[in-house]
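**Q** Structure incoming, see below.
The values are calculated or read from the model by the stated rules, or taken from the named source; none is laboratory data. As the structure is a computational prediction, the values presented were derived from the model and not from experiment. Glycine also receives a Cβ, built like all others from the backbone with ideal geometry; neighbour counts cover every protein chain displayed. Surface areas here come from the heavy atoms of the whole protein model, side chains and all, with no ligands, DNA or RNA. Shrake-Rupley method; radii C 1.70, N 1.55, O 1.52, S 1.80 Å.
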Amino acid sequence: MNTPHGADTFTCPEFLAMERTVIDDFVDCTREACEEAEACVKELNSGGGTAFIHRLFRAMHSLKGNCQMVGLGPFTDLLHRIEEIVARVRANQDPYFRELGEFLLLATDEVEDLLNDLISRGFTSDIRRKQLYDLCDALQKNSIYGFQSQHFTDAIALLDGKAENNDSASKNPKVGLDLPADMDLMRKFAAHIDNLSIYRKNRTDQVAQLTESLNEALNFCVDAQQLKVASLMHDVGMSFIPHSIFNKEGILSKEEVKKIQEHVVTSSQILLRFGGWDEAARMVLDHHERFDGSGYPNSLQGEQIHPGARILSIVDTFCSVTNERSDRSYKRSLLSAISEINANSDSQFDPHMVEVFNSVVRKLIAKQ
């Protein structure tokens with residue numbers, strides 16, 4: 001169900017609550033369809049034949065279908081109006097001309113921008129969506145006797161003008177001294193560390209989702225908000241490690257290992273500076289301790305390790321194993337990853353938590 005986030009905004013909680021892998025697939029498919037549309041328009045503008053009209057229609061149809069599959073009804077309606085313009089050319093009701101193609105590219109760019117806003121911010125402009133819908137509707141109503149290039153030129157001017165206004169606003173942002181909410185700033189830190197390596201794409205999101213699931217399966221043995229913050233911040237200290245060490249392939253020296261181990265102290269100290277997240281800081285400090293006492297930084301063992309850290313330790317290792325790494329050109333399967341977790345039960349990980357994590361992963365495999 002689509003619900004308004006504010007008077008002029010649009011959001012869709014059902015879509016935003018979907019698994020991150022589903023949203024990522026939606027983004028990839030949307031980008032591919034937009035790139036295909038752009039390629040077709042370029043060919044058509046260079047004298048390409050009807051085959052490119054059919055491909056352009058399929059690209060628009062894919063965009064609409066993608067939105068329909070994930071429950072974004074208002075975007076499905078908008079893309080249907082855009083698709084209808086191509087359908088008229090495809091059915092030989094109207095000729096193709098450059099202005100029509102340029103309008104379609106601007107329209108799909110606008111849709112992609114709105115969808116990116118929705119995914120990154122949790123809401124997007126409903127005014128812009130409705131304006132584009134009304135513009136497409138007007139083009140159809142004003143073209144009963146055939147599409148006219150001037151109508152599309154005017155529509156392009158309207159979209160270009162809006163884009164220029166958006167660009168000028170982004171070039172001259174108002175910068176204030178207001179502090180963002182803790183969680184917003186932590187997400188920004190987490191995104192930064194994930195962007196430092198191609199092998200960490202969406203890593204923090206995966207960790208946060210799985211720690212939440214494991215904590216729930218353990219009847220919320222730790223505070224959910226403190227655990228979420230620990231999940232976001234546990235590796236932020238890695239950003240202070242020299243790039244040559246952070247992305248080094250091969251065996252690390254003792255000094256390099258020591259440098260990497262410092263990240264748990266740095267991350268936990270940053271959390272303490274935030275204030276109010278002392279428990280999360282402890283989880284971060286302990287999450288590389290091992291159940292048998294051979295971990296770092298304090299060689300804690302068993303129940304001495306914070307339960308939130310024991311949860312985070314299992315999930316962090318699981319996500320590390322399943323993600324692509326410089327020494328692995330493929331993603332390890334979920335089954336391989338859980339096998340590695342089980343093999344280190346009672347030595348690296350809390351055996352009871354490992355047993356419960358097995359059930360969490362079984363549910364994850366069932367969903368996929």
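**Q** Taking θ as phi - 60°, what are the ³J(HN,Hα) couplings along segment 353-359 by the Karplus curve (6.51, -1.76, 1.60), each to the nearest whole Hz, with x for Gly and Pro?
**A** 5, 4, 4, 5, 4, 4, 5
**Q** Continuing with the same structure: What number comes out for the charge environment of E255, summing +1 per Lys or Arg and -1 per Asp or Glu over other residues with Cβ under 13 Å away?
**A** Details: positive: K248, K254, K258, K259; negative: E256, E262.
Taking every other residue near E255 into account, the sum is +2.
**Q** Quick one: 3J(HN,Hα) in Hz for segment 289-305, Karplus 6.51/-1.76/1.60 with θ = phi - 60°, rounded, Gly and Pro as x.
**A** 6, 10, 4, 8, x, 9, x, 9, x, 10, 6, 6, 9, x, 5, 5, 7
**Q** Among W277, S267, Y296, which residue has its Cα furthest toward the positive end of the charge dipole of segment 253-296, with +1 on Lys/Arg Cβ and -1 on Asp/Glu Cβ?
**A** S267
**Q** With springs connecting C-alpha atoms under 10 Å apart, model the chain as a Gaussian network and identify which of S213, S231, S46 has the largest mean-square fluctuation.
**A** Looking only at S213, S231, S46, the largest GNM fluctuation is found for S46.
**Q** While we're looking at this one, here's another question. Given all pairs of different Cα atoms, what value in angstroms does the Kirkwood hydrodynamic radius of segment 205-250 take? Before the final figure, lay out each step's value.
**A** Working: mean 1/r = 0.0823 Å⁻¹.
Hydrodynamic radius (Kirkwood, Cα only) of segment 205-250 equals 12.1 Å.
**Q** Separate question: Between Q68 and S299, 0.36 nm times their residue separation minus their Cα-Cα distance comes to what?
**A** 77.9 nm is the gain from fully extending Q68 to S299.
**Q** Who wins for biggest fluctuation among G146, G65, G308 in a Gaussian network model of the chain, springs between alpha carbons below 10 Å?
**A** Per the Cα network of the chain with a 10 Å cutoff, G146 tops the list.
**Q** Could you order H80, H192, H306 so the one with the most accessible surface comes first? Probe is 1.4 Å. Write out the running numbers ahead of the final one.
**A** Numbers: H80 70, H192 100, H306 25 Å².
Final ranking, largest accessible area leading: H192, H80, H306.
**Q** Under the rule of at least 5 residues apart or a separate chain, name every residue whose amide H is placed under 5 Å from the amide H of T9.
**A** Amide H neighbours of T9: D126.
**Q** Also: How large are Rg and Dmax for segment 66-112 when calculated on the C-alpha trace, in angstrom?
**A** Calculated on Cα positions, Rg and Dmax stand at 11.8, 33 Å.
**Q** Still on this structure: Would you mind checking the tilt of helix 126-141 against the longest principal axis of the Cα atoms of the chain, expressed as 0 to 90 degrees and rounded to 10?
**A** 30
**Q** Which value, in debye to the nearest 20, gives the size of the charge dipole of the chain about its Cα centre, when Lys and Arg are +1 and Asp and Glu are -1 at the Cβ? All intermediate terms of the calculation are to be shown ahead of the outcome.
**A** Numbers: 39 positive and 55 negative charges, 85 e Å.
Value, rounded to 20: 400 debye.
**Q** Right, another one. Is it possible to state the helix-based mean residue ellipticity at 222 nm for the chain, with each DSSP H run of 4+ residues giving -39500 (n - 2.57), the sum divided by total residues, to the nearest 500 deg cm²/dmol? What is it? List each step's numbers first, then the result.
**A** Values: 17 runs with 246 residues, N = 368.
About -21500 deg cm²/dmol.
**Q** Lys/Arg Cβ at +1, Asp/Glu Cβ at -1, dipole of the chain taken about the Cα centre: which of A337, L364, G101 is farthest positive-ward?
**A** A337
**Q** Which entry is the computed Rg and Dmax of the Cα atoms in Å for this structure: (i) 25.3, 80; (ii) 23.2, 78; (iii) 36.2, 126?
**A** Of the labelled values, this structure produces (i).
**Q** Jot down the radius of gyration and Dmax of segment 202-286, Cα atoms only, both in angstrom.
**A** My reading of the Cα-based Rg and Dmax gives 14.3, 42 Å.
**Q** Now for a different question. Of the candidates V236, V356, V284, which one comes out as most mobile in a Gaussian network treatment of the chain with C-alpha springs shorter than 10 Å?
**A** V356
**Q** Can I ask one more? Take the chain, mark every one of the chymotrypsin sites (Phe, Trp or Tyr not before Pro) that falls in a DSSP loop and has at most 11 other Cβ within 10 Å, then report the longest stretch left between them, sites excluded.
**A** 1-144
**Q** Taking only pairs that are 8 or more places apart or on different chains, how many Lys pairs in segment 187-340 have Cα atoms under 21 angstrom apart? Could the numbers behind the result be given before it?
**A** Values: K188/K201; K188/K228; K201/K228; K201/K248; K201/K331; K248/K258; K248/K259; K248/K331.
Eligible lysine pairs with Cα atoms under 21 Å apart amount to 8.
**Q** Can I ask one more? Calculate the FRET efficiency for K258 and L196 from the Cβ-Cβ distance with a Förster distance of 30 Å, rounded to the nearest 0.05. Could the numbers behind the result be given before it?
**A** Values: r = 20 Å, r/R0 = 0.66.
Given R0 = 30 Å and the Cβ-Cβ separation, E is 0.90.
**Q** Which whole-Hz ³J(HN,Hα) couplings does segment 335-350 yield from phi under the Karplus relation 6.51 cos²θ - 1.76 cosθ + 1.60, θ = phi - 60°, glycine and proline marked x?
**A** 5, 5, 5, 5, 5, 5, 4, 5, 5, 10, 5, 6, 9, 8, 10, 5
**Q** While we're looking at this one, here's another question. Roughly how far apart, in whole Å, are the Cα centres of segment 12-43 and segment 256-330?
**A** 34
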